[in-house]
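Chemist: Structure incoming, see below.
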4 protein chains.
Amino acid sequence: VLDLSADFRLKSAAVYQEFYEHEHPSPELLKQAAYGLPELHRDEIRNASLVACPGCYPTGILLGVAPALKKGLAKPDGIVVTSLSGVSGAGRKVADEFLFTECNESARAYGIPKHRHLSEIEQELSLLAGANVAISFAPHLVPLNRGIISTIYMELDANPDNALAVYREFYNGEPFVRVTPSLPDTKNVEATNYCDVSLRVDSRAHRLIVVTAIDNLTKGAAGQAVQCLNLVCGYEETTGLL
Amino acid sequence: VLDLSADFRLKSAAVYQEFYEHEHPSPELLKQAAYGLPELHRDEIRNASLVACPGCYPTGILLGVAPALKKGLAKPDGIVVTSLSGVSGAGRKVADEFLFTECNESARAYGIPKHRHLSEIEQELSLLAGANVAISFAPHLVPLNRGIISTIYMELDANPDNALAVYREFYNGEPFVRVTPSLPDTKNVEATNYCDVSLRVDSRAHRLIVVTAIDNLTKGAAGQAVQCLNLVCGYEETTGLL
Amino acid sequence: VLDLSADFRLKSAAVYQEFYEHEHPSPELLKQAAYGLPELHRDEIRNASLVACPGCYPTGILLGVAPALKKGLAKPDGIVVTSLSGVSGAGRKVADEFLFTECNESARAYGIPKHRHLSEIEQELSLLAGANVAISFAPHLVPLNRGIISTIYMELDANPDNALAVYREFYNGEPFVRVTPSLPDTKNVEATNYCDVSLRVDSRAHRLIVVTAIDNLTKGAAGQAVQCLNLVCGYEETTGLL
Amino acid sequence: VLDLSADFRLKSAAVYQEFYEHEHPSPELLKQAAYGLPELHRDEIRNASLVACPGCYPTGILLGVAPALKKGLAKPDGIVVTSLSGVSGAGRKVADEFLFTECNESARAYGIPKHRHLSEIEQELSLLAGANVAISFAPHLVPLNRGIISTIYMELDANPDNALAVYREFYNGEPFVRVTPSLPDTKNVEATNYCDVSLRVDSRAHRLIVVTAIDNLTKGAAGQAVQCLNLVCGYEETTGLL
C-alpha cells in the first residue's frame, strides 16, 4: 500500500493524537509503515508493505536539512524554516480563501506555530540528529499554481567552507536531487520530480541557510509515490518520472 | 530634503563602504540625516533638514521587531527574518530576470546572506537593543505586483502571554500601524500606507514569530516619504495618504 | 433607488423573461427606471427615482459603440464583440471554477452565445441605432483580479479618416471617458471610474475596431452607481470618485 | 529544413514585402516550402525538403476555421477573429512592456489592424475557400505564461444543427486535435501538442462561433515542428510529443 495521506507517517500514536486531535484507529500499523522519502529511507521502502508518502512541506524541508545534520555542518537546535507554497498545496478545497481574487496579489503566512506537518518533520529530524528536535516553522501561501520553496536557517557547527561539496557528496547518485550553486526557483522544478537544493553560509550571523524547491504535486506528492512504487516493485527508480 | 535613496540611511561611513562598496562622498552629512521611519524617529524627523527614508524591507522588519526589543519580549540575539516581496520591489529595471515569464509561476530566494538593506536594518535594531545586533535575512521574490510580507523569528525573553497587548500598546495612536489577531496579507495593505502587524507565540521552540505586511510602493517608499514630509512641514501626519 | 442588480435594466418584461427565465414581478416599474449610464442618459438619470445601473460588460461595450452608431461611422448590423474579464467580474462566488488554481494560467470563453447581459446591450444599441440590433458577443475569463477589455468590430459606413476625432468630440467634456490614440490597458483604469477608449480602422476588411477598458468594480459597478447618485442628488458628478 | 521563422510561410514574395517591409531574399524557395500544419498539408510536408512551420496565431485560427470553410458551414466573407495570448507568445524579448509588473493585472489589445501573421492566415484561408479572404484580427496580451485562445466569428452558410459533428468528422483520426462540446481552456493544453476546438451556433446573429486553444510553445511552435519532423522522417507522427 502506498498511502499519500498523513495517516501512517508518524511512528507515535501519541504524537498523532496531539497533532490530528483524534485517536489513531490502527496504532499497530504505525511501526510497520516505511516513511516514503527514498533519499533517506530507500532500503526500508524496498521492503515495506505499507509506505507512508511524506507531505509536500516535509519533503522539501527534510531534504534540505538532512546533509547538514548527518554530516555535522549544523546543530540540531535553533532550526527555523520558512516555506512558500503555491495554492495547489492546499489541495482543491472549494473555500473563499482559495478563490482567485483572494490569492492573486496576495502573500500571507498561515498555520503558525503548529502546522500539522510539523509532527512528521520533527520526527524525521530527530531521527537524523539522534536527539529530540523542535523547530520553528512558518508556511506562507503565494500566488503560484504549484511549487514550494523552503528556506532553512541552521546554526553552524563546523567549518562550513565546503558546505556545498558536503551536500553534493551526500546526494551523489540521487536521481531526483540537484545540488546547485545558484539558489533554486520553483519554475525550474515545475512538473518534475526534482528537489533542487542550494545553500549560503551566513558568516555574520554564524548560520547555514539552505533553500530547496520542489513541485508539491510531483516530488511532494504523486511523483514521490511513483518513485516509492518503483522501489517496492523493483523497477528502475526513475521509471515514469521526469 | 526627503531622500528615497539609500545614501543617507547609515550613520557610519565605514558600514556604508562595506555594503555599497564605494567610499561615501559626503560622510559629514550622515550624522545630520534623520532615519525617516516616523514610528521610531518622529521627533528627529520633525526637526531634520535631511530625511533618509528607509527602504521597503527595513520598514516592514523594523516595525515588526521594535516592540519586542524595546519591551523585552525577545532577545536581540538569534533573530531570523524571511521577507517575500512583489516584483515592484526591484524597481522597474528592464532585465530578463524580471520579465513576466520569468516571475510568473516562480518563487525564489535571492540576495542571501548579505542584502544591502541589512546594513540599515542592523543599525536600527542595534539602536533599539542598545547592543550590536546581527540577523539572518533572506529576501524572496514572489509573483505579486506590490506588497511585502516579513516573517520575523525571535527568541522569547519573557512571559509572552500578553505579547499582542504589548504590541497594541506600543503602536497605540499610530495612524499607519494596525496590530491585529489575524495574520496579515499583502492585499489588505495594497495602495495604502498601512503596516499590518500580527504575531504568534511558538512555545514549542520558545520563539516569538511576528509577521508584517506593507505595500512596498507606499509605506515602503513614496507613502512614507509623504508621511515624513507632513511631519517636516507641520501638516497633519496623514494628509494625502490612504 | 440606485439598483446595481439586473432587475430594472430592461424596458421589456418579455425580454426579461426570455433572458432571466422567470416572469418579471413588477413590470410596471420597468418603464420608470432610468438606465444608469450617465454618458448616454444623463438627463433621465437626474430626474429618475429608480436608476438601474448597468452591468460591467454593457458599460464598456455601449461606451465603445455609441459614437460610431450615433455619428454614422458604422452600421448597426454585423457587430461582433469580444470581452475579456477579470475574475471579480463573476462576483465572489465560491465555486471550483473560480479557485485560484482553476483561473491562474487559464484563459477561456464562456456564456456563448447568449450571455444574460446581451439583452440590455442590444436594448441600448437598438435605441442608439433606431432599429433592432443583434450582436455576437463572446465573453472570456482571464487571470486578472479586476478589469474588462471589450473589443468591438463594426462595419464601416462612412469615411473613417477622422474616426478618433469623432470619438473625441462625442465624449468632449465627459469626466470619466478618455479617448486616446494608444490602445487601452486594464491596468491604466484599475480602481478608477474611467473608461478608456481607442480605435483602429481596418481598411482591408472595411471595419472599425474599437477597444475599451474599464474596472468592472468601479465604472462597471459601484463607481458608476456613485456617479449616478451624484447626478440624482445634484452633487458634482465626480464627487468621491477617482 | 524545418524553419520556425516566418521566412518561408508565404507563397507570394509581394505579400511578404507588404507585411515584412523588405524584399524577400530568396523568392525562388517560397514555392518549394510546405506550410507545416500537418492537419491541412500532411502529404506536402511528407515530401518537402523545406517546411515552414506556422506561427502560433495561424495554427489556432486555421484549425478553427478549416472545417467550416471546407464543409460549407460558414461563408468566407465577414470572418472576425479575436486571439488571447500568453506572454511567451512575444518570445523572450527583454523590453519594459513585457516586465512582470507591466503584464500582471493587465489585459490589452495590440497589433490591430495588421498583425504580421495576418498574411499567412489569409493565404491559407484563401486556399481553403478557393477565393480571396480578408479577415479582421485583433490579438490581445493576457497574463499567462503560455497558451492562446482564438475565438472566431463566421457567418453561417448552412443548417448548423450538426456543426459539432461536422467538426468531429473533419478531425477524425487526428492525433492532436480534440473537438469537444465544452469550450476550451488554455490550461487543458498546457505543455501539450493538442489543439482543443469547440463551437457554438449563435442563431440570433446567424453566426458560427468557434473557439480553439493551443499552447503557443508546443502546437504553436516547437511541438508542431517535431510533428512535421516525424512526418518528414517517416516516424510515427506522435513520437516525442505529449
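Chemist: Can you work out ³J(HN,Hα) from phi for every residue in the range B:130-139, in order, using Karplus 6.51 cos²θ - 1.76 cosθ + 1.60 and θ = phi - 60°, giving whole Hz and x for Gly and Pro?
Modeler: Once rounded to whole Hz, the list reads x, 6, 5, 10, 10, 10, 9, 9, 10, x.
Chemist: Here is a further query. Excluding ligands, DNA and RNA, what is the accessible area buried between chains A and B, summed over both sides, using a 1.4 Å probe, to the nearest 100 Å²? Can you show the working numbers first?
Modeler: On the way: alone 11510 and 11490 Å², together 19200 Å².
Counting protein atoms only, the buried area is about 3800 Å².
Chemist: Right, next: Pop out the ³J(HN,Hα) list for the range B:222-236 in order, Karplus 6.51 cos²θ - 1.76 cosθ + 1.60 with θ = phi - 60°, rounded to Hz; leave Gly and Pro as x.
Modeler: 5, x, 5, 5, 5, 4, 5, 4, 4, 5, 4, 8, x, 7, 4
Chemist: Then there's this: Tell me the net charge near C:I149. Cut-off is 10 Å between Cβ atoms, C:I149 excluded, with +1 for each Lys or Arg and -1 for each Asp or Glu.
Modeler: Details: positive: D:R108; negative: C:D185, C:D196.
Combined, the nearby Lys, Arg, Asp and Glu give -1.
Chemist: While we're looking at this one, here's another question. Kindly rank B:133-143, B:113-123 from highest to lowest mean number of other beta carbons found within 10 Å of each residue. Mind showing how you got there, number by number?
Modeler: On the way: B:133-143: 24.4, B:113-123: 19.8.
For the peptides B:133-143, B:113-123, the packing ranking is B:133-143, B:113-123.
Chemist: Name the residues whose placed amide hydrogens come within less than 5 Å of the amide hydrogen of A:L144, ignoring near sequence neighbours (fewer than 5 apart) on the same chain.
Modeler: It is A:V87, by chain and number.
Chemist: Additional query: With all protein chains present, how much of the accessible area of the range C:1-128 (probe radius 1.4 Å) comes from carbon and sulfur, to the nearest whole percent?
Modeler: Answer for the range C:1-128 is 50 percent, counting heavy atoms of protein chains only.
Chemist: Also: Quick one: which of C:190-201, C:34-45 comes out on top by average Cβ neighbours within 10 Å, and what's the full order, highest first?
Modeler: Values: C:190-201: 22.3, C:34-45: 20.3.
Result, highest mean Cβ count within 10 Å first: C:190-201, C:34-45.
Chemist: Then there's this: Taking the Cα centre of the protein assembly as shown as origin, sum charge times position over the Cβ atoms of Lys and Arg (+1) and Asp and Glu (-1), and report the length of that vector in debye to the nearest 20.
Modeler: Working: 84 positive and 116 negative charges, 0 e Å.
It works out to roughly 0 debye.
Chemist: Something else: Residues with amide H under 5 Å of C:L199's amide H, sequence separation 5 or more or different chain, H placed in the peptide plane at 1.01 Å from N; which?
Modeler: Close amide H contacts, sequence-distant or interchain: C:V211.
Chemist: What number, rounded to the nearest 500 deg cm²/dmol, is the helix-based mean residue ellipticity at 222 nm of chain A, given -39500 (n - 2.57) per DSSP H run of at least four residues and division by all its residues? Can you show the working numbers first?
Modeler: On the way: 8 runs with 71 residues, N = 242.
Rounded to the nearest 500, it is -8000 deg cm²/dmol.
Chemist: Right, something else. If packing is taken as the average number of other Cβ atoms within 10 Å across a peptide's residues, how do D:25-32, D:85-92, A:124-131, C:219-226 rank, most packed first? Working shown, then result.
Modeler: On the way: D:25-32: 12.2, D:85-92: 20.9, A:124-131: 16.9, C:219-226: 22.9.
Peptide ranking by packing, descending: C:219-226, D:85-92, A:124-131, D:25-32.
Chemist: A further question follows. Between C:T239 and B:K31, what is the label-point separation in nm under the 7 Å Cα-to-beta-carbon projection?
Modeler: Taking the two extended label points, one gets 5.6 nm.
Chemist: To check you understand DSSP bridge types, tell me what percent of the beta bridges within chain B (both residues inside) are antiparallel, rounded to 5. Could the numbers behind the result be given before it?
Modeler: Details: 25 of 38 bridges.
Of all bridge pairs located within chain B, approximately 65 percent are antiparallel.
Chemist: For chain B, set up a GNM with springs between Cα atoms under 10 Å and report which of B:I79, B:I148, B:I112 has the largest fluctuation.
Modeler: Comparing B:I79, B:I148, B:I112 in a Gaussian network model of chain B, the most mobile one is B:I112.
Chemist: Just the projected area, averaged over all directions, of the convex hull on the alpha carbon atoms of chain A: how many nm²? Before the final figure, lay out each step's value.
Modeler: On the way: hull surface 52.7 nm².
One quarter of the hull surface, i.e. the mean projection, equals 13.2 nm².
Chemist: Whole angstrom only: what separates the Cα centroid of the range C:122-153 from the Cα centroid of the range A:29-49?
Modeler: 60 Å
Chemist: Averaged over C:148-157, how many beta carbons belonging to a partner chain fall within 10 Å of each residue's beta carbon?
Modeler: Details: counts 1, 9, 1, 8, 1, 9, 1, 2, 0, 0.
Partner-chain Cβ atoms within 10 Å, mean over residues of C:148-157: 3.
Chemist: In square nanometres and to one decimal, what's the mean projected area of the convex hull around the Cα atoms of the range C:56-195?
Modeler: Details: hull surface 35.7 nm².
One quarter of the hull surface, i.e. the mean projection, equals 8.9 nm².
Chemist: Would you work out the Kirkwood radius for the protein assembly as shown? I mean one over the mean of 1/r across all pairs of different Cα atoms, in Å.
Modeler: Kirkwood hydrodynamic radius for the protein assembly as shown: 30.9 Å.
Chemist: Label B:R168 and A:E169 with points 7 Å out from Cα along Cα→Cβ: what is the distance between them in nm?
Modeler: 5.5 nm
Chemist: Right, here's the next one. Run the dipole for the range C:55-199 about the Cα centre, Lys and Arg Cβ at +1, Asp and Glu Cβ at -1, nothing else charged, and hand back the magnitude in debye, nearest 20. Walk me through the numbers on the way to the answer.
Modeler: Numbers: 12 positive and 16 negative charges, 41 e Å.
Charge dipole of the range C:55-199: 200 debye, to the nearest 20.
Chemist: Let me make sure I get this right: for the range D:157-205, a, b and c are the square roots of the gyration tensor eigenvalues over alpha carbons, sorted descending. Under 1.5 in a/c it's rounded, otherwise prolate if a/b > b/c, else oblate. Which is it? Show your work: numbers first, answer last.
Modeler: Numbers: a/c = 3.71, a/b = 1.61, b/c = 2.31.
Oblate.
Chemist: Kindly state, to the nearest 0.05, the FRET efficiency for B:E18 paired with C:K71, given R0 = 60 Å and r defined as their beta-carbon distance.
Modeler: Details: r = 67 Å, r/R0 = 1.12.
It comes to 0.35.
Chemist: Enumerate the whole-percent occupancy of each 5 Å bin, from 0 to the last occupied one, for all C-alpha pair distances of the range D:58-108.
Modeler: For the range D:58-108, the binned pair fractions read 4, 15, 21, 16, 10, 12, 10, 9, 4, 0 percent.
Chemist: Would you look at the GNM of chain A, springs on alpha carbons closer than 10 Å, and say which of A:L62, A:L208, A:L183 moves the most?
Modeler: A:L183
Chemist: A further question on this structure: Restricting to bridges with both residues inside the protein assembly as shown, how much of the DSSP beta-bridge set is antiparallel, in percent to the nearest 5? Don't skip to the end; give the middle numbers.
Modeler: Numbers: 106 of 158 bridges.
Around 65 percent antiparallel, to the nearest 5.
Chemist: List every residue whose amide H lies under 5 Å from the amide H of A:L183, counting only residues 5 or more places away in sequence or on a different chain, with H placed 1.01 Å from N in the peptide plane.
Modeler: Residues meeting the criterion, in which the H sits 1.01 Å from N, do not exist here.
Chemist: For the range B:1-138, which semi-axes, largest first and in whole Å, follow from the square roots of 5 times the eigenvalues of its Cα gyration tensor? Please report the intermediate quantities before stating the final value.
Modeler: Working: eigenvalues 132, 82, 43 Å².
Each semi-axis is the square root of five times an eigenvalue, giving 26, 20, 15 Å.
Chemist: Next up: Starting from the Cα of B:K11, draw a straight line to each of the aspartates and glutamates and keep only those under 12 Å, dropping any in the same chain fewer than 8 residues away.
Modeler: B:K11 reaches B:E28, B:E120, B:E122, B:E124.
Chemist: Dipole of the range A:1-138 (Lys/Arg Cβ +1, Asp/Glu Cβ -1, origin at the Cα centre): which of A:G111, A:N132, A:S26 lies farthest to the positive side?
Modeler: My answer, from the dipole projection, is A:N132.
Chemist: Let me know the shape class of the range A:79-159, please: from the alpha-carbon gyration tensor, a ≥ b ≥ c as square roots of the eigenvalues, rounded when a/c is under 1.5, otherwise prolate if a/b is greater than b/c, or oblate.
Modeler: prolate
Chemist: Before anything else, pin down the relative contact order of the range C:1-103: Cα pairs under 8 Å, at least 6 apart, normalised by residue count, whole percent.
Modeler: Taking the mean separation of contacting Cα pairs over the length of the range C:1-103, I get 24 percent.
Chemist: What does the charge dipole of chain B about its Cα centre add up to, to the nearest 20 debye, if the Cβ of each Lys and Arg holds +1 and the Cβ of each Asp and Glu holds -1? Walk me through the numbers on the way to the answer.
Modeler: On the way: 21 positive and 29 negative charges, 65 e Å.
My answer is approximately 320 debye.
Chemist: For the range A:165-206 and the range B:171-210, write down the distance between their C-alpha centroids in whole Å.
Modeler: Going from one Cα centre to the other spans 32 Å.
Chemist: At a Cα cut-off below 26 Å, give the lysines reachable from D:K93, other chains included and same-chain residues fewer than 8 away excluded.
Modeler: Of all the lysines, those that pass the test against D:K93 - Cα under 26 Å, at least 8 places apart if same chain - are A:K187, B:K93, C:K187, D:K114, D:K187, D:K219.
Chemist: Please compute the length gained on full extension between B:L50 and B:S182, using 0.36 nm multiplied by the number of residues separating them and subtracting their Cα-Cα distance.
Modeler: The B:L50-B:S182 span can extend by a further 43.8 nm.
Chemist: Any idea how far apart A:A95 and B:D43 come out in nm if each label point goes 7 Å out from Cα toward Cβ?
Modeler: Taking the two extended label points, one gets 4.8 nm.
Chemist: Related question: In whole Hz and in residue order, list the ³J(HN,Hα) couplings for the range A:112-117 that follow from phi through the Karplus curve 6.51 cos²θ - 1.76 cosθ + 1.60, θ = phi - 60°; x for Gly and Pro.
Modeler: Each residue of the range A:112-117 in turn: 8, x, 9, 4, 4, 5 Hz.
Chemist: Where does the range A:174-242 land on Rg(C-alpha)/(2.2 N^0.38 Å)?
Modeler: Working: Rg = 14.3 Å, N = 69, 2.2 N^0.38 = 11.0 Å.
After normalising by residue count via 2.2 N^0.38 Å, the value is 1.30.
Chemist: With a probe of 1.4 Å, find how much accessible area the range D:192-233 has per residue, and write the answer as a whole number in Å². Spell out each step's value before the answer.
Modeler: Numbers: 1000 Å² over 42 residues.
Value returned for the range D:192-233: 24 Å² of accessible area per residue.
The values are calculated or read from the model by the stated rules, or taken from the named source; none is laboratory data. As the structure is a prediction and not an experimental result, all values here were calculated from the model. When we count neighbours, we look across all protein chains shown, and the Cβ atoms used for this are built from the backbone with ideal geometry, even at glycine. Ligands, DNA and RNA are stripped out before the accessible areas are found, and what is left, the full protein with its side chains, is counted by its heavy atoms. Shrake-Rupley method; radii C 1.70, N 1.55, O 1.52, S 1.80 Å.
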